[in-house]
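The values are calculated or read from the model by the stated rules, or taken from the named source; none is laboratory data. This is a predicted model, so every value here is computed, not measured. No Cβ is skipped: glycine too gets one built from the backbone with ideal geometry, and neighbour counts run over all protein chains shown.
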Number of protein chains: 2
Amino acid sequence: MIVEYPEVYVAGVGTTPFRQQPDIGLVDLAVDAGRRALDDAGLAPTDVDGIYFGNFLGRSLEGQGVLASIIAVRLGVMGVPTTNVEGACGSAGMAFRQGALTVRAGASDVCLCIGAERMSAASTPEITRVLAEAGEMATDGIAGLTFPGFFGLVASAYAHVYGLSREHLSAVIMKNRDHAITNPNAMFRSAVAAETLASAKPIADPLRLFDCSAICDGAAAAVVTTKARAQATGRPLVRVMASEQASGPVGVNQMTTLTTFPATTTCAERAYKAAGITALDIDVAEVHDCFSITEVVDTADLGFFAHGEAHEAIAEGATRSSTPGIVVNPSGGLLGRGHPVGATGLAQIHEIVHQLRGVAENQVAGAQIGMSHNLGGAGATATIAVLGRA
Amino acid sequence: MIVEYPEVYVAGVGTTPFRQQPDIGLVDLAVDAGRRALDDAGLAPTDVDGIYFGNFLGRSLEGQGVLASIIAVRLGVMGVPTTNVEGACGSAGMAFRQGALTVRAGASDVCLCIGAERMSAASTPEITRVLAEAGEMATDGIAGLTFPGFFGLVASAYAHVYGLSREHLSAVIMKNRDHAITNPNAMFRSAVAAETLASAKPIADPLRLFDCSAICDGAAAAVVTTKARAQATGRPLVRVMASEQASGPVGVNQMTTLTTFPATTTCAERAYKAAGITALDIDVAEVHDCFSITEVVDTADLGFFAHGEAHEAIAEGATRSSTPGIVVNPSGGLLGRGHPVGATGLAQIHEIVHQLRGVAENQVAGAQIGMSHNLGGAGATATIAVLGRA
């Protein structure tokens, strides 16, 4: 049977500021971002016929299930399917993909995808403990391996295989902090000096304080819809060219390498095939830089650079918004914008949609194709969305 | 654009026994059910190209995220999209619907939907506390309202509006316990006498011990696939005629009535429309009898009886497997089979698939159309699948 699937569009995006704002509740953050995305699409809550909610820590920290239903009630969206999805720090990327699939399946015309996280009300030891639940607790968690520890191992392995200096890691941070300066929703809006980064508090060798994305609170959302409904809004349109997902090993003992994430490479292969493009066709990308080293690995896994060459290319400025070629994390990325984990994947979509509309703060001139890449756990899951100017 | 969507089929189902078996891990249960479903479909783990995992309590009780990825690794399914979904006691019904949507969207050919729950390792106070996270914690949870308490309120409201005796509630329990006798996977395989039910320990007036489904451990799974792949297996086929979902109020203060669940009525309306049937066309149903009163409310909400008449009809035997007309919960339902909450929706699918294949223990002669109804929280979410003999 030959089936011609409907095209899927993003008609609206919204984000709260990413800040340490512990007095705002998780549901309040989610509802705020959801309303902003609907406003951006020129749609009302009563137009929504499906909600996906991506979140990682709410269950552990707030002790509340069925959050998507609670958010629906608060938004005034009654009776629609409301589904909670979890994929660690990749939860919002998953929520977006489920929305896109549901529209493509003809089961939703206006699907609201929201990601949110509230972190800063908890203590750092508590947050570190619950974030570790994104790894294999039975082997890695019980041994005391935290995420800074895991990505410290990744950086050490990369240094061993390809060579890696403090300056290579700092180049990622300085670029993303520079990009974040003009992003009104970013947590960090100031440049940082190389000396500051090199002398910062050690976290997990060779990673220091600024190599780690920051604990904060925030939410982001996107309205995913059909072509007809998107056109009817009269708003700028962005087409979903691909929305793919892949899994990988969860625990360190299952990994045959620490210098590539198979979930990302598998997912990228599928996404480029589905979109009918290669990595070279991408003008702008938001990638998952939870740590500085992660962006180095990601940009090779995504095919922007050969494996082993990304750290040099980034240090030479290849991914800066001011230089020609692929621009990576013009929003500031997780290092500049902050990383409220369950919100990140949709904050990435927010930036790429703005880029394709031509209204981003660090606008890539004439951007036609953009992508977002959201990683969960130690590579347990990855999602990629390829979006195109409509 | 006119789109002809592919038909979606269930090619295999599997379930573990539902028991108090605290020595078996949550992932072990899920992997066991997943393998059974694949064996039933005549497929190998390497045939699987997507996994949805429904679970409610694992995050709170086990402190482990990204469970779908962990299950994939254990099953030997590498690289595929692995997504965790949560909708309280309706989590497995959601996992099944996401699988069906993903196949329909052309994004998966062989999607493995698994639901699992491990409960009996925790103490009853601990389980009661985490189950309450399926309600609105900010209003109901903080006031001490537990789920037996909530459904006690439902029973009291029903008694006030329509009249309800101990015998009406006991008729539900006795039917489901009778049905469970021949189900090898059921927790309770013995009949209960009316006097035993009437004199059992009070839990939340008017509900007594046997009015409440039992805490236990178990998993169930289904393989959802395309028509072509399903036919290629050479196994008995069951078609997904509809797979719908709806939400409703979460907290008691949002409810305008306690004698109907809007999530169920909305969902049923959509499911019957999508399947092109009415309630009268259904031969056999698995409905969400988390408490005896819930089955009374469900069977009216689903349109099997007029509102206010279900309790009398059930007491007269209208839904027993031995009498003509609609048969409800031939597996024993949650009251007879046990209710490992995140597994229940797929245990229901398991029973309906067996009914439509003609191989169920309490076989409804010539069953052509069956349905499952899975409720989450205090009606925060409902899913319905309508399945047809292929």
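So which residues in the range A:132-157 are touching a Gly at 6+ places or on another chain (Cβ under 9 Å) and in a helix (DSSP H, G or I)?
Once the filter is applied, which keeps residues that are touching a Gly at 6+ places or on another chain (Cβ under 9 Å) and in a helix (DSSP H, G or I), the range A:132-157 yields A:A132, A:E133, A:A134, A:M137, A:A138, A:T139, A:D140, A:G141, A:F147, A:F150.
So if I check each of A:P249, A:P236, which one is outside any helix (DSSP H, G or I) and either among the aromatic types (F, W, Y) or farther than 27 Å from A:F18 by Cβ (or both)?
A:P249
Per-residue answers, yes or no, for (1) among the β-branched types (V, I, T); (2) not in a loop (DSSP other than H, G, I, E, B):
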| position | (1), (2) |
| --- | --- |
| B:E312 | no, yes |
| B:G317 | no, no |
| B:T344 | yes, yes |
| B:Q348 | no, yes |
| B:I352 | yes, yes |
| B:A360 | no, no |
| B:Q363 | no, no |
| B:G366 | no, no |
| B:H373 | no, yes |
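Kindly provide the set of residues from the range A:272-292 that are of a type in the set (S, T, N, Q) and buried (at least 24 other Cβ atoms within 10 Å of the Cβ), ordered by number.
A:S292
Just a yes or no: is a residue in the range A:196-213 farther than 25 Å from A:M255 by Cβ, basic (K, R) and out of contact with any Cys (no Cβ under 8 Å at 6 or more places or on another chain)?
yes
Pick from B:V85, B:V73: which is modelled with pLDDT of 95 or more, in a strand (DSSP E or B), within 11 Å of chain A (Cβ to nearest Cβ) and closer than 30 Å to A:T260 by Cβ?
The match here is B:V85.
When residues of the range B:88-129 are filtered for being surrounded by fewer than 24 Cβ atoms within 10 Å (Cβ to Cβ) and part of a helix (DSSP H, G or I), how many remain?
The number of residues fulfilling the criteria is 6.
Among the residues of the range B:88-107, count how many are aromatic (F, W, Y) and facing chain A (nearest Cβ under 9 Å).
Number satisfying all stated conditions: 0.
How many of the residues in the range B:376-390 are touching a Gly at 6+ places or on another chain (Cβ under 9 Å) and either surrounded by fewer than 24 Cβ atoms within 10 Å (Cβ to Cβ) or modelled with pLDDT under 95 (or both)?
2
B:T299 - would you say it is assigned to a helix (DSSP H, G or I), surrounded by 24 or more Cβ atoms within 10 Å (Cβ to Cβ), outside the structural domain of B:A95 (by TED's automatic domain parsing) and without any contact (Cβ under 8 Å) to a residue 60 or more places away in the chain?
So B:T299 passes the test.
Condition test on A:A143, is it in the same structural domain as A:Y52 (by TED's automatic domain parsing) and either farther than 21 Å from A:A343 by Cβ or buried (at least 18 other Cβ atoms within 10 Å of the Cβ) (or both)?
Considered against the rule, which asks whether it is in the same structural domain as A:Y52 (by TED's automatic domain parsing) and either farther than 21 Å from A:A343 by Cβ or buried (at least 18 other Cβ atoms within 10 Å of the Cβ) (or both), A:A143 comes out as no.
Kindly check whether there is at least one residue in the range B:362-375 that is buried (at least 24 other Cβ atoms within 10 Å of the Cβ), within 14 Å of chain A (Cβ to nearest Cβ) and under 17 Å from B:D298 (Cβ atoms).
So far as the range B:362-375 goes, yes, one or more of its residues are buried (at least 24 other Cβ atoms within 10 Å of the Cβ), within 14 Å of chain A (Cβ to nearest Cβ) and under 17 Å from B:D298 (Cβ atoms).
Every residue in the range A:52-63 that is surrounded by 21 or more Cβ atoms within 10 Å (Cβ to Cβ) and hydroxyl-bearing (S, T, Y), please.
Hit for the range A:52-63 is A:Y52, nothing else.
Search the range B:255-266 for residues that are in the same structural domain as B:G379 (by TED's automatic domain parsing) and pair each with any residue that is modelled with pLDDT under 95 and of a type in the set (V, I, T) when their beta-carbon atoms are under 8 Å apart and the residues are at least 6 apart or on different chains.
none
In the range B:151-163, what residues are hydrophobic (A, V, I, L, M, F, W, C) and buried (at least 22 other Cβ atoms within 10 Å of the Cβ)?
B:F151, B:V154, B:A155
Out of the range A:52-67, which residues are farther than 14 Å from A:I127 by Cβ, facing chain B (nearest Cβ under 7 Å) and among the polar types (S, T, N, Q)?
A:Q64
If I ask for residues that are crowded, with 24+ Cβ neighbours inside 10 Å and closer than 30 Å to B:T124 by Cβ, which ones from the range B:32-51 would you list?
Once the filter is applied, which keeps residues that are crowded, with 24+ Cβ neighbours inside 10 Å and closer than 30 Å to B:T124 by Cβ, the range B:32-51 yields B:A33, B:G34.
Here are some conditions: (1) surrounded by 18 or more Cβ atoms within 10 Å (Cβ to Cβ); (2) within 11 Å of chain B (Cβ to nearest Cβ). A:Y5 meets all but one. Which one does it not meet?
Answer for A:Y5: the failing condition is (1).
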